[in-house]
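Below is one structure, written out as structure tokens; comments come after it.
What follows draws every value from the coordinates through simple rules; no lab data is involved. Just so you know, these numbers come straight off a predicted model, no measurement behind them. No Cβ is skipped: glycine too gets one built from the backbone with ideal geometry, and neighbour counts run over all protein chains shown.
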Amino acid sequence: MSEIITEYRNENTKNIDLLSTIDIVRKINEEDKLVALAIEDETPNIAQAVDIIAKQFLKGFS
């Protein structure tokens, strides 16, 4: 199996330890917003996956 990189250094937060508490919270909130935007682009695929999984649950995984 090829090596998959799942974690990387986030340039937007590399100096987060030097920020004030309020700036840390703001920075985390900014990064969290990016997740929501990425998911928004994938909602059709996510809905399709949920439908497939739910159908299998109802079938009892047979």
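What the table below lists for this structure:
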| quantity | calculated |
| --- | --- |
| N45/I4 FRET efficiency (R0 25 Å; Cβ-Cβ; nearest 0.05) | 0.80 |
| Dipole of the chain, positive direction: furthest Cα of I24, A49, Y8, with charges on the beta-carbon | A49 |
| Helix-only [θ]222 nm of the chain, DSSP H runs n ≥ 4, -39500 (n - 2.57) each, per residue, nearest 500 | -23000 deg cm²/dmol |
| Helix 21-59 axis, angle to the chain major axis (alpha carbon atoms, nearest 10°) | 10 |
| Computed E for V35/N15 - FRET, C-beta separation, R0 25 angstrom, nearest 0.05 | 0.75 |
| Space enclosed by the convex hull of the alpha-carbon atoms of the chain, per residue, Å³ | 159 |
